[in-house]
1. Would it be correct to say that Leu31 is at pLDDT 95 or above and closer than 18 Å to Lys160 by Cα?
2. Does region 145-152 include one or more residues that are in contact with an Asp or Glu (Cβ under 7 Å, 6 or more places away or on another chain), aromatic (Phe, Trp, Tyr) and open to solvent by 10 Å² or more (accessible area, probe 1.4 Å)?
3. Going through region 11-54 one residue at a time, which ones are among the polar types (S, T, N, Q), touching a Ser or Thr at 6+ places or on another chain (Cβ under 7 Å) and in a strand (DSSP E or B)?
4. Could you check region 167-178 and list, in sequence order, the residues that are surrounded by fewer than 18 Cβ atoms within 10 Å (Cβ to Cβ) and either at positive phi or modelled with pLDDT of 90 or more (or both)?
5. Identify all residues within region 41-95 that are of a type in the set (Ser, Thr, Tyr) and under 29 Å from Val169 (Cβ atoms); write none if there are none.
6. Hey, any hits in region 163-176 for a residue that's closer than 20 Å to Phe29 by Cα, outside any loop (DSSP other than H, G, I, E, B) and touching a His at 6+ places or on another chain (Cβ under 7 Å)?
7. Give all pairs with beta carbons closer than 6 Å in which a residue from region 31-54 that is within 14 Å of Glu158 (Cβ to Cβ) meets a residue that is of a type in the set (Ser, Thr, Tyr) and open to solvent by less than 80 Å² (accessible area, probe 1.4 Å); count only pairs at least 6 apart in sequence or on separate chains.
8. What about Ile40, is it closer than 19 Å to Gly26 by Cα, surrounded by 13 or more Cβ atoms within 10 Å (Cβ to Cβ) and under 13 Å from the mean Cα position of the chain (by Cα)?
Amino acid sequence: MLSVERFKIAGRTVWIGVFSDEKIQGITFSLEKEQFERNIERLTGFLRRRGVSVDTARKQSEYPSLVMEVITGELDNGELLPMLSFEGVTPFERRVYEWLTKNVKRGSVITYGSLAEALKTSPRAIGGAMRRNPYPIVVPCHRVVARDGIGYYTPRLEEKVFLLEIEGVKGWTGSKHT
């Protein structure tokens, strides 16, 4: 099922959608309704290509509120980690997502290179895993930055800046975006 809710966070409207069966299959969010609907379509396609059976019927659940509580700092990302299904995720991606979630806490960032070094892989492989992250916010891919700037974010950099600013990471949000 797909649970969708809209929240006001730091004066902005934030749309959060969570696909779930027995556990969370995927998360998407946006600061704009139209972009949010495109994000749902993109995530649905991604999950299905990865062999995850997703139900797009909209029903209420607690998951969007839990994701919102991670954004606002009421919950630690790691508290939701056991709720993720990891369906359709490669063993490498899961290792990256779990390490990142457990080790890079709210208010801090890590570079692609440092994360790659910690996991004995390449920055390019880390970037690919971040781009394919089906659990944004819970798996804090927004906390992974380039050594010389904020880096990229799928689907829009504006959301990365918003999340980092909410977490008080202002040093990176003012840096160049490429």
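1. yes
2. no
3. If the condition is that a residue be among the polar types (S, T, N, Q), touching a Ser or Thr at 6+ places or on another chain (Cβ under 7 Å) and in a strand (DSSP E or B), then Ser20, Gln25 are the ones that fit.
4. Gly168
5. Across region 41-95, the qualifying residues are Tyr63, Ser65, Thr72, Ser85, Thr90.
6. Yes, there is a match, as at least one residue in region 163-176 is closer than 20 Å to Phe29 by Cα, outside any loop (DSSP other than H, G, I, E, B) and touching a His at 6+ places or on another chain (Cβ under 7 Å).
7. Short answer, once both residue conditions are applied: Phe36/Ser30; Asn39/Thr28; Asn39/Ser30.
8. The answer is no for Ile40.
The values are calculated or read from the model by the stated rules, or taken from the named source; none is laboratory data. Because the structure is a prediction, the values reported are computed rather than measured. Virtual Cβ from ideal backbone geometry, glycine too; neighbours counted across all protein chains shown. For accessibility, only protein heavy atoms count, side chains too; no ligands or nucleic acids. Shrake-Rupley method; radii C 1.70, N 1.55, O 1.52, S 1.80 Å.
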